[in-house]
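Notes follow the structure.
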Amino acid sequence: MINKDFCSIYFWVHSSFSALSIGYFLSLLSASSQVQEALAISFASICFCISLIVNSGMAIFLLWFGNSEAMINRIYPLYPWHNLKSVPTIAIISFLVGLVFLLGFYSYWLVLLAITTSVIVYIVIGNTWHTLMDEDFKSKLQQLRDLDKDSK
């Protein structure tokens, strides 16, 4: 059974990231040639281009195939941070890397702050996730032991 909240959250993430990517390109149209030729802006443009295409595709995919459990389970990995080659992970990471390059155009201190904050958040969320998984595993193991004792 598919969790509708899962599909709706990812639909909004993908459609928002694609809308922000298109907004980046629209704002780049009014930029001066000095800004357009900057190396950080070039790298950001590549990342936002990938983000626009992949996030739009994923939003359309969720709109069309959101009710198909088999399709959702094949596309979206259980642990996206372990599978960096999955399409949804590429979509999200390309947008975030584009933001880092865009921040790098304005200030290297902002990039350092963004990377430091991301690492801290990743560590905190990872520790919380592993704690929850351990508790869930221990409770399921205890349930299996109780069932085994009851059956004997």
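The values are calculated or read from the model by the stated rules, or taken from the named source; none is laboratory data. Values in this document were obtained by computation on a predicted structure and should not be read as measured data. When we count neighbours, we look across all protein chains shown, and the Cβ atoms used for this are built from the backbone with ideal geometry, even at glycine.
Below is a table of values for the structure above.
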{"quantity": "Cβ-Cβ under 9 Å pairs, at least 6 apart or on other chains, region 117-142 side surrounded by 10 or more Cβ atoms within 10 Å (Cβ to Cβ), far side part of a helix (DSSP H, G or I)", "calculated": "S118/L96; S118/V100"}
{"quantity": "Cβ-Cβ under 9 Å pairs, at least 6 apart or on other chains, region 2-31 side in the same structural domain as M58 (by TED's automatic domain parsing), far side among the polar types (S, T, N, Q) and surrounded by fewer than 16 Cβ atoms within 10 Å (Cβ to Cβ)", "calculated": "I2/N67; I2/S68; I2/N73; C7/N67; L28/Q36"}
{"quantity": "Members of region 88-116 found to be crowded, with 16+ Cβ neighbours inside 10 Å and either farther than 21 Å from L20 by Cα or β-branched (V, I, T) (or both), listed by number", "calculated": "T89, I90, I92, I93, V97, V100, V111"}
{"quantity": "Among (1) at pLDDT 85 or above; (2) crowded, with 16+ Cβ neighbours inside 10 Å, the one test that I60 misses", "calculated": "(2)"}
{"quantity": "Filter result for I115 (assigned by TED's automatic domain parsing to the domain that holds L26, part of a helix (DSSP H, G or I) and not acidic (D, E))", "calculated": "no"}
